[in-house]
Structures are given as structure tokens and as C-alpha cells.
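See structure below.
The values are calculated or read from the model by the stated rules, or taken from the named source; none is laboratory data. Given the structure is predicted, the values throughout are model-derived calculations rather than measurements. Every residue, glycine among them, receives a Cβ derived from its backbone with ideal geometry; neighbour counts consider all protein chains shown.
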2 protein chains.
Amino acid sequence: MNSVAEALQKVLENELPVRTETVPLMNSLNRILAEDIKADRDAPPFHRVTMDGIAIHSTQLLKKALFPIEGIQAAGDAQGRLLDPENCLEVMTGAILPENTNCVIPYEQVKIIDNVANLLHSDFTENQNVHLKGTDAGKGDVLLKKGIFIQAGTIGVMATVGVSNVKVVKPPTITICSTGNELVDITDNPLPHQIRKSNVYMLQAALKSLGIEAQTLHIDDDKKLLKAALEKLLHKNDILLFSGAVSKGKYDFLPEVLEDLGVKKLVHGVAQKPGKPFLFGRRKNTFVFGFPGNPASTLICFHLYFKAWLLTHLGKQRNSLFATLTEDVSFKRPVTYHLLVKVVAEKEKILAVPVSNSGSGDLVHLAAADGFISLPAHLETFQTGTSYPLTFLTQPWFN
Amino acid sequence: MNSVAEALQKVLENELPVRTETVPLMNSLNRILAEDIKADRDAPPFHRVTMDGIAIHSTQLLKKALFPIEGIQAAGDAQGRLLDPENCLEVMTGAILPENTNCVIPYEQVKIIDNVANLLHSDFTENQNVHLKGTDAGKGDVLLKKGIFIQAGTIGVMATVGVSNVKVVKPPTITICSTGNELVDITDNPLPHQIRKSNVYMLQAALKSLGIEAQTLHIDDDKKLLKAALEKLLHKNDILLFSGAVSKGKYDFLPEVLEDLGVKKLVHGVAQKPGKPFLFGRRKNTFVFGFPGNPASTLICFHLYFKAWLLTHLGKQRNSLFATLTEDVSFKRPVTYHLLVKVVAEKEKILAVPVSNSGSGDLVHLAAADGFISLPAHLETFQTGTSYPLTFLTQPWFN
């Protein structure tokens, strides 16, 4: 059986071909940028005043403290000019620095009487409170690199350089399949031995958090039906996510049917709890992730293998965080144990507070967890204060 | 002038009235739950088999190792019954436990020959591999509390209990206003002294990340126009966000106009850099946030004051994280300095790597930052290895 690290390695080494599309700027939020964004002019495009106050020429600073005001240079006005170097111009934040000036003195440090600015001190230097043309970037410089995750600040940069449509990575086409004859719809009233579908909705939500709208499909536990459905699905999708039908049950037809249809099984079985029967395979450029049917196994495997793989191939750098246990725990089996935890920030420490649960089928406790820590297979006791790799199941929310 | 802590306190103590709405389950993702969700039946609803294998009665374990197979209990079948206590039934994960059995032995630990299961050992106990009815929750128990942030696992729980429509907090109505005559539209070709609007799009994106669709409006630097626009906006919105026009410039009419219109200014000016002219006021239940016009000030104040306030009143618990400096930095002024940083997870440490920048007007470096650390006003040097409060500007993305 694969260790967690081996399984992850086998998944990650399969490349997901990336397609792109062009979308309006505001729709690009939380997407992956698929082109370099260059400066269409210098940044800033002109010597930009950064404080409200007066503009003078710095050579005058040693000579005098009183500067008659010639006029105002407002933001949005074409560049004005200081006519007499012994005078000053009032200037506003965002304005272009007037010709014949090179230093801005904020209002807080002058006293204006009868249209004459009186400097309260002379401790100013050339270019003070001026954001010089081109200091952030020159025209043609790459401001944003292909592959970054588009966030609010990135949107701001693109707006500045006039990008109203942007090339981004197109999300892969995904269908989430549920199996299991015990499942009924949300709106149904289940019989005593039935339960409502939940994993497909959970996975659909998890994908939506990644900006991906996925289809869902329920397939009954019937080998022929499964095979017919799967043949179609393999043609129509980049990725299939299965919840259930991957274990050793009499009706767990998925592994066999996948093999019949030419899907190469690359991982089936991982020395982990929960999630032991996890399956990963591919047929050409279609990838199949088979998550064990209980909710915690499904969501844990989704994040640990699928999300890690997807983000890696979409260009997102992995950022591994460890969290510190707040109580002793122990597990007997020689497998990696994924322990559900609440994540609490305590100054510089990320604490992992175990969520009590009665087993891997427990959706109620799963929903109470922020993530899980992966306790290594070679140890049996894990002490308060020791740290282990943390994977978030939710969107981490710190201030 | 207010310290950062004082300003935040003054903002936070103003309560945002919360409205609710009912939305389809899948649309509730990333929203705040506005009702308690209760179990419609026990969880699990029946004694649920958690492994594929055979079900026996545990009293037989000391007597015998060979169990003839009577039949199969599949998931989704109505509850069957073991007729002869000396026999067994094959059972599948997710099935209801058959009558007259109380212990499930996984296939891995039996050998089946000629329809007889041979136990490889007898080290099993009552209820093993059975998820007992009601152990996670009883019918009527509150499974999800009002106020939680709806994520994938939460969606799963709601699906399980048949919640196809859910009551959530209704996002407040927000208009983002830009001011500044130097600003032109994204699609315009700016003159040498003009720049394109970027802050409104940046703020719109930041709100979208919080699940809020906001309107935008540009108002020219004209007192009359501003007053007329503002009077309408105050009536139509819960919250107004302004970028610019809050400082000491000749055309920074916002503070004056707000006062004319009866908006009580509660904060104006904070001992921080960037973001010194930050303004916060209210008129009845309409709240006005005036962010200084440069991009970094705007985005920093958005997260530090607005987002903290909004999430607090929507019911989200604040989770303060500190990050550790990777290089020495120093600042001379007696103000809180918000230093833009890249956030890197290095095992249990969250590292803050300063992003070099030429000033608070620098959008390019802002886009390269993941967040900022707030360096306290009473110190001037901040050494490598020391930790300070971190605020994310982006969606933090760890594994």
C-alpha cells in the first residue's frame, strides 16, 4: 500500500493540461492569470505629488522660509509651472508636480498667512513627498506574472494599466458522481435505512470555493449502468470525482469498471485513516479521483490529493503550514492519521484543537473542523506542543 | 489623533443591523448562517455498517471461527435479519446493521471459502465497525449554530438533514465612490497628468471576495456635486466606501459635506502610516468609511477597519495571527507602521517577508503583498525573528 507521501507524489506527477479563456476584469477575481501584464506607461506615469501642501524648488530651502503662493496645481489638472522660483504653488495629492518645483512640503508643516506660505522648519530635501515617474515600474515592465492568483490588489494593477479583459486559466470540466443505493435526494423523505445525498453537495461547494462550477450525477450500484455512464463521462470531462464505490464491498464496482474502460489505476489504497481506499487513475487526459464514501474521507482526500494536484498544475505554489497540538493524542495503527481540528491563531502560534468524533463517517464533527493535521505513521503518541502538517478544509479566515 | 487600537475600537462599537434572506442551499456557500440547523432524525439514523465484511453476533466469537453466510445486507436495502445466530451476513459500508448482529468483521480479517467465512482471529468486540444510531446527534439536536460561516462541510450537514433552502445573513447594500479629477475609466487613454481608476475596482473585488456585490460611482471634485450625490447615496445604502477626498487637500470636500448632511464623524485621522486621514462616520444606520486615496492606504484601511467591523457584526469571530519578521526594519515616526509583506509558511512559523516599496502610493508592490504586519508606534526598530499582528490582504492559501 502507498504511504501518503507516495500517493501524493503519484498524483502530482500527472500533468493537467491547462486551457485558457478571456474574461472581463471583474470576473477574473480568484482565477489564475494566464498572461503577463505589462505597464502601458511608467508607474507612476508622472512625478506624482503624495501630500497636500506646497511645492517649491529645494535650492530655495537654505535661502528663505516665506513663499508667496502663485496658484494651485490640483489633481487632474494639466501640469502647471512655477513662474518665480522664490514662490510656491499649492499642490494636491495625486497632482502632477509643477514644472520648476522638486519638493513638496505638507500643509502640516507650513503656516499660510495672506497667501504666503511660511515654512515651520527647513528640514526638507529634494524630491520629498514626490513619487517620481517610473520608480515603481518602467513602461513595458512586467507588473504581474502569468500564474498568479488574481486578488483585489491584482485587479487594481490591471485596472491601472487599462486591462478590461484578461486571459485566465479556464477551469477544468468536472463531474461529481455519487454512488450508493442508500442515497436519496435532499428533498426526499428517507426510509429508515436510507440517508440523503450529502457528499456531492459538499464536493460541489468545495469546488465552488475554488471557482469551479461542477456538474453532479447519481449512479445506482449496478455494474452495467456504471459502465455506460462512465464511458460517456470520460469523454465529456477533464476530471471525474467519485464519492464511494472504491472499497472492497460487493457493489464497489468502480475500480473494475475503470479498468474495463482503459483507465490506468495509479493509486488505489493509501496507508491512512480515514481514506484508505482512495483511488486515482487516468485515461489520456481525463483524470479520475475516487474518494471513499464517508464524508470525512471524501473531504480529506479532496483537499490532500485533488486540490493539491489541481492548484499545483494551475500554477499555485504550495505553502505548507504546521499546527501545534493542544492536547496529547495517540493512535495504534501504523498509518498516517488525519485528525480533524479546529484551528486557532494564538499570536505567532497556529494551534490545532482536536475535534472529538466517533469515526470517519461523522459529518457533524467534520463540519465543526477547520482542517486536519496529518500525524505520521511511524509514531503512536503525539504530545501537546508538537507540530504537524495542517491542511485546511475551510477557507482560513484570519484578520 | 487616534491610535490604531482606539480607531478600531470606535469603529467596532457601532452595531451594524443585520437582515436575513432565504437562499437555495448551494448559494449559501461562504455566507453566514442565520438560523440554527437541527437534526431531523438521529445521526446516524440507524446502526450503520462502517466496513465491508461480515456481520455476526459478538457472543459467538468465543465459541467458533467458522460462520456460514446466510446472505447479503447491501447499503440501501431495508434491514435484513440473521436467522441463525451461528451464521453471518455479508454487509456493505453504509448498510443498516442486520437484526440479530452487533459486530462487523472486515473482509481483510476473514477468509471466505465455499460460502463460509473463516475468522482469521477472534479479537473483536461488540459494536465494532458499527456507527451506532444517534451517537453523533439525536433528533432535534442543534447541528449547526446560527452565525457560522457556511463552508463545504456545513453544506454537507444541511443536505443530510434535508435543508434545500437556508436562511442566511443578507449582505449590506454598499456603494463604492471614487473621487479625484485625475481619474479616467479603465478603457480610456489617460492624458499625461491622468491615471485610470483602480481603487474602486480593487475595493469591488475585495467585497466580492466577501460575497458582496457592490455598486460603484465616480464623483468629480466639486462640493455641490458631491453633496447632491451623497444625500442620495446615504438614503439608498447601508454602507458607503470612499476612496480619496478625506485628507487636507483643497478639494477634499468629503469631511465637510458629510458634516453638512448630518453624518457624525467618529474617527478622522489615525496615527498610522499609511492611512493617516482614515475617516469613519455614521448617520443613523448608514455607515461611511473614508479611505485615503492611495491604493495601499485604501486596501489596508479596508481590511483593518471595514472588514474587521463587518465580520464582527455578521458574527464571525476574530482570529488574530502574528507573523515573524525575516529581516530587520526600522521606522522613525511615532505611528503604527503597516508594512506590506509576503506571507510564507515555514513549518509552524508564519514568516513575514517585507515587500520593498517606494511609498504608500505603490500599487505594483501592493499587488505583490499577501498582507501587512502592524509595527507598534512605541518602537522604532523591529528585529528579525520578532512577531507582529498580521492582516491578510488576500485570501490566505495554505494546503
* Restricting attention to the stretch B:102-135, which residues are over 21 Å from A:D252 (Cβ atoms) and buried (at least 22 other Cβ atoms within 10 Å of the Cβ)? -> B:C103
* When the residues of the stretch B:186-206 are filtered to those that are more than 7 Å from chain A (Cβ to nearest Cβ) and over 18 Å from A:F46 (Cα atoms), which remaining residue is surrounded by the fewest Cβ atoms within 10 Å (Cβ to Cβ)? -> B:V200
* **Which listed residue is in contact (Cβ under 8 Å) with a residue 24 or more places away in the chain and at positive phi, from B:G262, B:G275, B:G293** => B:G275
* Residue list for the stretch A:51-82, filter: of a type outside the set (S, T, N, Q), within 26 Å of B:D221 (Cα to Cα) and out of contact with any Cys (no Cβ under 8 Å at 6 or more places or on another chain) -> A:M51, A:D52, A:G53, A:G71, A:I72, A:A74, A:A75, A:G76, A:D77, A:A78, A:G80, A:R81
* Mind checking whether some residue in the stretch B:315-323 is of a type outside the set (F, W, Y), modelled with pLDDT of 90 or more and surrounded by fewer than 20 Cβ atoms within 10 Å (Cβ to Cβ)? -> no
* With respect to A:L16, determine if the residue is in contact with a helix residue (DSSP H, G or I) (Cβ under 6 Å, 6 or more places away or on another chain) and part of a loop (DSSP other than H, G, I, E, B). => yes
* Could you look through the stretch A:230-255, keep only residues that are at pLDDT 95 or above and more than 26 Å from A:H303 (Cβ to Cβ), and pick out the one that is surrounded by the fewest Cβ atoms within 10 Å (Cβ to Cβ)? => A:H235
* Does any residue of the stretch A:324-334 turn out to be crowded, with 23+ Cβ neighbours inside 10 Å and modelled with pLDDT of 95 or more? -> no
* **Breaking point among (1) within 14 Å of another protein chain (Cβ to nearest Cβ); (2) modelled with pLDDT of 95 or more, for A:K276** => (2)
* **Scope the stretch B:211-229; condition aliphatic (A, V, I, L, M), surrounded by fewer than 18 Cβ atoms within 10 Å (Cβ to Cβ) and under 32 Å from the mean Cα position of the chain (by Cα); matching residues** => B:I212, B:L217
* Mind listing whichever residues of the stretch A:31-54 are farther than 27 Å from B:H193 by Cα and surrounded by fewer than 17 Cβ atoms within 10 Å (Cβ to Cβ)? => A:E35
* Asked: Within the bounds of the stretch B:225-239, is there any residue that is touching a strand residue (DSSP E or B) at 6+ places or on another chain (Cβ under 9 Å) and within 12 Å of chain A (Cβ to nearest Cβ)?
  -> no
* Asked: Hey, any hits in the stretch B:181-194 for a residue that's of a type in the set (S, T, N, Q), under 30 Å from A:L29 (Cβ atoms), touching a His at 6+ places or on another chain (Cβ under 7 Å) and touching a residue at least 60 places away in the same chain (Cβ under 8 Å)?
  -> no
* Structure fact -> Going through the stretch B:292-322 in order, the residues found to be over 23 Å from the mean Cα position of the chain (by Cα) and within 23 Å of B:G211 (Cβ to Cβ) are B:P295
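Within the stretch A:130-145, take every residue that is of a type outside the set (D, E, K, R) and farther than 30 Å from A:P106 by Cβ and give me the one that is nearest to the chain's Cα centre (by Cα).
A:L144
One line per residue, one yes/no per condition, for (1) in a loop (DSSP other than H, G, I, E, B); (2) of a type outside the set (F, W, Y); (3) surrounded by fewer than 24 Cβ atoms within 10 Å (Cβ to Cβ); (4) more than 7 Å from every other protein chain (Cβ to nearest Cβ):
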{"residue": "B:K139", "(1), (2), (3), (4)": "yes, yes, yes, yes"}
{"residue": "B:G147", "(1), (2), (3), (4)": "yes, yes, yes, yes"}
{"residue": "B:T154", "(1), (2), (3), (4)": "no, yes, no, no"}
{"residue": "B:A159", "(1), (2), (3), (4)": "no, yes, no, no"}
{"residue": "B:G162", "(1), (2), (3), (4)": "yes, yes, yes, no"}
{"residue": "B:K167", "(1), (2), (3), (4)": "no, yes, yes, yes"}
{"residue": "B:P171", "(1), (2), (3), (4)": "yes, yes, yes, yes"}
{"residue": "B:C177", "(1), (2), (3), (4)": "no, yes, no, yes"}
{"residue": "B:N181", "(1), (2), (3), (4)": "yes, yes, yes, no"}
* Asked: What are the residues in the stretch B:321-355 that are in contact (Cβ under 8 Å) with a residue 60 or more places away in the chain and either among the aromatic types (F, W, Y) or in contact with a strand residue (DSSP E or B) (Cβ under 6 Å, 6 or more places away or on another chain) (or both), if any?
  -> B:L321, B:F322, B:A323, B:T324, B:L325, B:V335, B:T336, B:Y337, B:H338
* **the stretch B:236-254: number of residues that are part of a loop (DSSP other than H, G, I, E, B) and either in contact with a Leu (Cβ under 6 Å, 6 or more places away or on another chain) or more than 17 Å from B:F287 (Cα to Cα) (or both)** => 9
* Looking at the stretch A:286-399, what strands (runs of 3 or more DSSP E) fall wholly within it and have at least 3 residues that are more than 9 Å from chain B (Cβ to nearest Cβ)? -> A:286-291, A:336-346, A:349-354, A:371-375
* strands (runs of 3 or more DSSP E) contained in the stretch B:57-119 and holding at least 3 residues under 30 Å from A:K197 (Cβ atoms) and in contact (Cβ under 8 Å) with a residue 40 or more places away in the chain -> B:103-106
